[in-house]
Amino acid sequence: MKKYFLPLLLLAVFETVAVTLWLTRDNLFYLFNFSYIGASVSLGLFLFIKKYKYARRAAQLLVGLYMLVYLGLICGENMQIEGFWYYLFTGVFEAATIHYAVAKIFGPLLFGRGWCGYACWTAMVLDFLPYKVPQAHGKKLGWIRYVTFAASLLFVLALFLAHAGHMEEIMFWAFLIGNALYYALGVILAFVFRDNRAFCKYICPVAVFLKPMSYFSLLRVQCDKTKCISCGKCKKACPMGVDMTDNSRKRKNGTECILCFECVKSCPKDAL
Ligand code: SF4
Ligand code: SF4
Ligand code: SF4
């Protein structure tokens, strides 16, 4: 049972959130929502342990499609960053604010950037592109994410200052147009940089929350130095350019890790 500890732990955490929100918010939706997400991510990890090749992709599609199609398109919830700002400024602790609190602000203290590896609907599409292992790392373009972060904040602030009407409608269209732009830009950048995750590394505003919080993540890849033979296979397999053989918190690109476990799969000595 020891090897199933992680999926069981995550299931328990999500179930605790689900029941707590259900009872405190008196809304059955939260029980369904967080139970479904927790079960999907745990299933992905369970399948990974069982060595199913597409385990992570299965979780990514289960959660990503649910959030994009059901919550976003059918229920009209803007779960993008501008939706978060909007609900935060209106003082509404509902879907988008709860989603950000759990997946992107406080959750990463426990499971790092697991959101980016197992749930994000943008990466869900980008991960189908051909450059799973990037041709090169180290472009110094990460500053762009701070510009997009500020732009999302200013966009929502401007709407409030202008006393714009039909805000819910505007947020729905912002969700549609924002997603279309993200996908288009993500695909173009993937081909330009020969890196499926170029959008995540340079543009995505959400990483402004994710990176500092995941620095302290409890769950992280560690290297057993007594087993490691420094063959370098793990670094070659990593989509995010992480130096996972360095166990310190300050390791190279440590806050980029999306917990995809490609490094773990590639290690011939089971050192990770
Ligand atoms: S960095 Fe942004 S786009 Fe990439 S997986 Fe994370 S949240 Fe999604
Ligand atoms: S390959 Fe390893 S270090 Fe790189 S992102 Fe995936 S889990 Fe993290
Ligand atoms: S793949 Fe394994 S043995 Fe090779 S460098 Fe990485 S941790 Fe060490």
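The values are calculated or read from the model by the stated rules, or taken from the named source; none is laboratory data. Treat the numbers as computed from the prediction; the structure is a model and nothing was measured. Quick reminder, even Gly has a Cβ in these numbers, built from the backbone with ideal geometry, and neighbours come from all protein chains shown.
Key figures for this structure:
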{"item": "Residue selected from the range 240-260 under the condition acidic (Asp, Glu) and assigned to a loop (DSSP other than H, G, I, E, B), by the criterion farthest from ligand 2 (Cβ to nearest atom)", "result": "ASP246"}
{"item": "Complete set of residues in the range 242-256 that are in contact (Cβ under 8 Å) with a residue 12 or more places away in the chain and within 14 Å of ligand 3 (Cβ to nearest atom)", "result": "VAL242, MET244, THR245, ASP246, ASN247"}
{"item": "Selected residue (criterion: nearest to THR16 (Cα to Cα)) from residues of the range 74-89 that are in a loop (DSSP other than H, G, I, E, B) and not acidic (Asp, Glu)", "result": "MET79"}
{"item": "Lone qualifier among VAL63, VAL69, VAL92 - being of a type in the set (Val, Ile, Thr) and in a loop (DSSP other than H, G, I, E, B)", "result": "VAL92"}
{"item": "Residue match in the range 96-109 (condition: of a type outside the set (Phe, Trp, Tyr) and not in a helix (DSSP H, G or I))", "result": "yes"}
{"item": "Members of the range 44-59 found to be crowded, with 17+ Cβ neighbours inside 10 Å and closer than 14 Å to TYR4 by Cα, listed by number", "result": "GLY44, LEU45, PHE46, LEU47, PHE48"}
{"item": "The range 193-223, residues that are over 15 Å from the mean Cα position of the chain (by Cα) and over 16 Å from PRO239 (Cα atoms)", "result": "PHE216, LEU218, GLN222, CYS223"}
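Listed here are the residues, each with its yes/no results for (1) surrounded by 20 or more Cβ atoms within 10 Å (Cβ to Cβ); (2) touching a strand residue (DSSP E or B) at 6+ places or on another chain (Cβ under 9 Å); (3) aliphatic (A, V, I, L, M).
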{"position": "ARG113", "(1), (2), (3)": "yes, no, no"}
{"position": "GLY117", "(1), (2), (3)": "yes, no, no"}
{"position": "VAL133", "(1), (2), (3)": "no, no, yes"}
{"position": "ALA136", "(1), (2), (3)": "no, no, yes"}
{"position": "LYS139", "(1), (2), (3)": "no, no, no"}
{"position": "PHE149", "(1), (2), (3)": "no, no, no"}
{"position": "ALA158", "(1), (2), (3)": "no, no, yes"}
{"position": "GLU169", "(1), (2), (3)": "no, no, no"}
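One line per residue, one yes/no per condition, for (1) buried (at least 21 other Cβ atoms within 10 Å of the Cβ); (2) away from ligand 1 (no atom under 16 Å from the Cβ); (3) at pLDDT 95 or above; (4) of a type in the set (Asp, Glu):
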{"position": "CYS234", "(1), (2), (3), (4)": "yes, yes, yes, no"}
{"position": "CYS238", "(1), (2), (3), (4)": "yes, no, yes, no"}
{"position": "ASP243", "(1), (2), (3), (4)": "no, yes, yes, yes"}
{"position": "ASN247", "(1), (2), (3), (4)": "no, yes, yes, no"}
{"position": "ASN253", "(1), (2), (3), (4)": "no, no, no, no"}
{"position": "CYS257", "(1), (2), (3), (4)": "yes, no, yes, no"}
{"position": "CYS263", "(1), (2), (3), (4)": "yes, yes, yes, no"}
{"position": "PRO268", "(1), (2), (3), (4)": "no, yes, yes, no"}
